[in-house]
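Participant: Below is one structure. I have some questions about it.
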Amino acid sequence: IQIITEKSVTVRSSYDIDTSRTIGQLDFNDTRYFVGKKWLPPPSPDEDDDDDDECIGVMRYKVCLDKYDLSLAISIEEDDDNDILENLETKSKTTTYGWISDRGRLAYDPYRILKEVADTSFAASFDYSD
């Protein structure tokens with residue numbers, strides 16, 4: 001994928017935006033490989049939360065991150081299941097993943113965040129055993 005928005009793009013620890021935490025960011029023109037994508041529907045309307053009514057569904061992309069994409073704010077206390085810290089180890093075959101959306105989630109500003117770009121060399125060389 002290639003980032004096409006000039007806004008900073010939040011990288012989250014998991015697919016579900018509302019239950020995940022921020023682990024880093026991507027910037028305009030950054031290019032990363034993605035290993036999967038999945039539709040995230042808008043949240044169910046909730047009587048206690050009027051903000052959910054303004055959200056739309058977005059395509060979520062699981063992307064391979066560079067160590068420079070990660071936030072320095074990640075701490076052991078925030079990583080309950082050690083999934084992030086295990087991936088941050090400096091092993092040559094370890095890949096850190098994060099999730100980003102294809103566009104803004106707010107109905108009044110659904111700006112495009114990324115575009116898919118082809119790279120056939122990656123598919124043949126990527127280790128899918130993770």
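The values are calculated or read from the model by the stated rules, or taken from the named source; none is laboratory data. Predicted, not measured: the structure shown is a model, and the values here were computed from it. For neighbour counting, all protein chains shown are included, and Cβ atoms are generated from backbone atoms with ideal geometry for every residue, glycine included. Ligands, DNA and RNA are stripped out before the accessible areas are found, and what is left, the full protein with its side chains, is counted by its heavy atoms. Shrake-Rupley method; radii C 1.70, N 1.55, O 1.52, S 1.80 Å.
Participant: What distance in nm separates the simple spin-label points at Ile17 and Trp39, each placed 7 Å from Cα in the Cβ direction?
Facilitator: The answer from the label model is 1.6 nm.
Participant: Set the Förster distance to 25 Å, then compute FRET efficiency between Lys67 and Ala107 from the Cβ-Cβ distance, nearest 0.05.
Facilitator: 0.10
Participant: Rounded to the nearest 10 Å², what accessible area does Arg21 show when all protein chains are kept and the probe is 1.4 Å?
Facilitator: Accessible surface of Arg21 is approximately 70 Å².
Participant: So, in nm, how far is label Glu116 from label Glu54 when the simple model puts each one 7 Å beyond its Cα toward the Cβ?
Facilitator: Once both label points are built, they end up 3.1 nm from each other.
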